[in-house]
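Could you have a look at this structure, given as structure tokens, before my questions?
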Amino acid sequence: MRKLVYYVAVTLDGYIAGPRGEYDFYPVGDAEQAAAYAGWTNERYPETVPTAMRAARGLADTPNRRFDTVVMGSGTYRPALDAGLTSPYAHLRQYVVSRTLGQSPDPEVTVVDGDPLTLVRDLKREEGGDIWLCGGGRLAGALLPEVDELIIKSYPVVAGSGIPVFAGDFDPTPFAVADRRSFANDVTITWFTRR
């Protein structure tokens, strides 16, 4: 069965973005450290690089390794739309969960205005690669019952406020650490599996 995997960058205080969706404050280290970190993550998860950036990162012809589907909220999709990119992950099946977006601006993007749990449960029953939960926090909170794995990229910065990694009702959900890796730029990636 396919898994729903939340692969996301997180601040030390548990935010995935600032109050207005900003994410440019994440420290990446010096040029050499940033390149080494990006190279490692791009090699392992090339499908998480937006289509428009794949050629510049040497990934234009790289096949998807783990994910073949991406699910995101409208807040995560909005920066791509604002940049004129209606299909940010054209190399994946794309679903945007939104009650406000209405009609999809691109035939390659399916807008879902219904229950995200039903969407994910239906996707999990299909054949294929895993499903990448790209964000945001409200959607992650709604999908918590179906999240099988977390891949948390912890950055050494405190945001103070913003969009939490999970937003929703109090619902303690235990996960176990499966692996952890640290990088020279002080970013740590931890893999968690649901207990």
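What is the calculated FRET efficiency for Arg78 to Glu126, with r their C-beta to C-beta distance and R₀ = 30 Å, to the nearest 0.05? Walk me through the numbers before you get to the answer.
Working: r = 27 Å, r/R0 = 0.90.
The value I calculate is 0.65.
To make sure I understand, if each residue's beta carbon is the centre and we count other beta carbons within 10 Å, what order do Phe166, Phe183 fall in, fewest to most?
Values: Phe166 21, Phe183 17.
Arranged by neighbour count, lowest to highest, Phe166, Phe183 become Phe183, Phe166.
Could you give the semi-axes, largest first, of the ellipsoid that matches the chain, computed as the square roots of 5 times the alpha carbon gyration tensor eigenvalues and rounded to whole Å?
Numbers: eigenvalues 111, 84, 64 Å².
Equivalent ellipsoid semi-axes, largest first: 24, 20, 18 Å.
Over the C-alpha atoms of region 114-195, what are the Rg and the largest Cα-to-Cα span, Dmax, in Å?
14.3, 43
Taking the Cα centroid of region 157-176 and of region 1-21, what is the distance between the two, rounded to the nearest whole Å?
A separation of 9 Å, based on Cα centres.
Bear in mind that the values in this text are calculations on the coordinates, not laboratory data. Computed from a prediction, not measured in an experiment: that's the story for all the values here. Every residue, glycine among them, receives a Cβ derived from its backbone with ideal geometry; neighbour counts consider all protein chains shown.
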